[in-house]
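Novice: What follows is a single structure, and I will ask about it in a moment.
The values are calculated or read from the model by the stated rules, or taken from the named source; none is laboratory data. Computed from a predicted structure; not experimentally measured. A quick note on method: Cβ atoms are made from the backbone with ideal geometry, for glycine too, and the neighbour counts reach across all protein chains shown.
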Amino acid sequence: MDAKRKVQALADMAAYVAKAIEKERGHIKVVSHFDCDGICAGAIIYKTLKYLDKDFDISFVKQLGKDEIVELSHEKNSMLILCDVGSGQLDMIKHYISKIPVVVLDHHPPQDCAWDKLYHLNPYFASIDGANEISGAGVTYVLARSLSVQSKKLIDLAIVGACGDVQYQNGEFSGVNRLLLEDAEYSGAIRCEKGLKLFGRYTKPIHKAIEYSTDPFIPDVSGNESAAVQFLSELGIAVVDRKGKWRRLCDLSKEEEKKLATVLVLENISEGGTAGDLIGTIYVLKNNYDIREFSSVLNACGRLEKPAEGLRICIGAGENIDKILHEYRKKIATAVFWAKKNRASFVVTKSATYVLAGGNIDENIIGTVVSILLKKDIKTEVVVGFGNAGREWVKVSTRAKPKADGVDLGAVIRKVVVKLGGESEGGGHANAAGAKIPKGSEMKFVEFAEEIL
Ligand SMILES: [Mn+2]
């Protein structure tokens, strides 16, 4: 079946789910995931239920576990809508919330479980690959279209959600996401341009875009404003125009952009990347944010535990994008600073550096922090970070240098985690993988990982 027919099949199922929502007159509780995809899904359903004039409220969860489900079961709602979560928790939902209709809009692998009050929309039922071809926001969008024609203009959020879930890979979307992108371009919700793929093309002064660049990470320039200004002036690129206004990447001449691109590409190749990482197609939203840039803003909202602020930003009611990014950078910088000062507490072996951060770096950012450390401060090919995740768990994030040969961190994580009674996250990749392990088992993790590495 081609993608178009699959989408049609999904839309047909959505029409059935939509009827249940249309009929509902009581209070609807919406619960969505707190990452970029979940925030986009939440914003899509929020706007759509507003169009329909429904009585509802929305909240976000880091995960949908037993505690969250039990808490929901005590609330007085007439209907529950779950976005970007739920398909993998059906048994538990059925057990605790069997009296009211439950709508699940999710793209994670579904449990084989159904009951008469469950309205379950999942791409799996339409032979669509939920890991790569559609996100939770995409599924929610398909449903929203069934509920209201006005929801058509929310299509850009379906794309941003997919981007946040890393379904935009090597500069491309596939399957349903690609169809959504074509629709979004056609309707003008997203425009497509070619150029240097640096964040802040329209939204930041060029020296700020350079300063904040982590891909590529420019040694002695990234993270340093005056060095960024110097870097540009050495290239003969003025940071202010004739009227004294800050210039943005979009204000540069083609020649200037080319000059800058050449230097950045060389830098990126020396880090193990390719020219294609930095030059190519850019998808720009109506608010002038690149979709990748906007999805990183929403991910920052999640990691700062401010998903509701992310929703406000999505619906154009939050003007605090810069404030959020500033706060996020500060949080990351504080954590990196801690790691640099507490190097003595790391376990360093021939194969890896183990950053035992405990309560000093939280689970939301440990992955980002170890990625930054690996670029400059860590000599080994592999880094493993441990940060507390609640009272009982520790989040483990592993990263390998792009040049690291023969290392498959996904496989390492899966093997070690089974022995410790933890849970690996997603599939895991050769260069990056994460998991949760029981608190106190960090040194056991080091021991088992060393045997494999
Ligand atoms: Mn998702």
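Novice: Given the conditions (1) surrounded by fewer than 19 Cβ atoms within 10 Å (Cβ to Cβ); (2) in contact with a strand residue (DSSP E or B) (Cβ under 7 Å, 6 or more places away or on another chain), report the number of the one that Ile45 does not fulfil.
Specialist: All conditions are met except number (1).
Novice: Within the range 390-424, which residues are part of a strand (DSSP E or B) and in contact with a helix residue (DSSP H, G or I) (Cβ under 9 Å, 6 or more places away or on another chain)?
Specialist: Within the range 390-424, Val394, Lys395, Val396, Ser397, Thr398, Arg399, Ala400, Glu423, Ser424 qualify.
Novice: Which one of these does Ala131 not meet: (1) within 22 Å of Ile58 (Cα to Cα); (2) of a type in the set (Gly, Ala, Ser); (3) at pLDDT below 95?
Specialist: (1)
Novice: Which of the numbered conditions does Ala228 fail, given that it passes all the others? Conditions: (1) more than 21 Å from Leu373 (Cα to Cα); (2) of a type in the set (A, V, I, L, M, F, W, C); (3) in contact with a His (Cβ under 7 Å, 6 or more places away or on another chain).
Specialist: So Ala228 meets the others, but not (1).
Novice: Name the residues in the range 105-153 that are among the charged types (D, E, K, R) and either crowded, with 22+ Cβ neighbours inside 10 Å or touching a residue at least 40 places away in the same chain (Cβ under 8 Å) (or both), would you?
Specialist: Of everything in the range 105-153, those that are among the charged types (D, E, K, R) and either crowded, with 22+ Cβ neighbours inside 10 Å or touching a residue at least 40 places away in the same chain (Cβ under 8 Å) (or both) turn out to be Asp106, Asp129, Glu133, Arg145.
Residues checked against (1) out of contact with any His (no Cβ under 7 Å at 6 or more places or on another chain); (2) in contact (Cβ under 8 Å) with a residue 24 or more places away in the chain; (3) of a type in the set (Asp, Glu):
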| position | (1), (2), (3) |
| --- | --- |
| Ile366 | yes, yes, no |
| Gly385 | yes, yes, no |
| Arg391 | yes, yes, no |
| Lys401 | yes, yes, no |
| Glu425 | yes, no, yes |
| Ala435 | yes, yes, no |
| Glu450 | yes, yes, yes |
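Novice: For residues that are over 14 Å from the mean Cα position of the chain (by Cα), in a helix (DSSP H, G or I) and of a type in the set (Gly, Ala, Ser), scanning just the range 139-191, find the one that is farthest from the ligand (Cβ to nearest atom).
Specialist: Ser187
Novice: Based on what the data block shows, is Gly171 within 28 Å of Arg329 (Cα to Cα) and surrounded by fewer than 18 Cβ atoms within 10 Å (Cβ to Cβ)?
Specialist: Considered against the rule, which asks whether it is within 28 Å of Arg329 (Cα to Cα) and surrounded by fewer than 18 Cβ atoms within 10 Å (Cβ to Cβ), Gly171 comes out as yes.
Novice: Which number in (1) within 16 Å of the ligand (Cβ to nearest atom); (2) closer than 15 Å to Val103 by Cβ marks the one condition that Phe125 misses?
Specialist: Against the list (1) within 16 Å of the ligand (Cβ to nearest atom); (2) closer than 15 Å to Val103 by Cβ, Phe125 comes up short only on (1).
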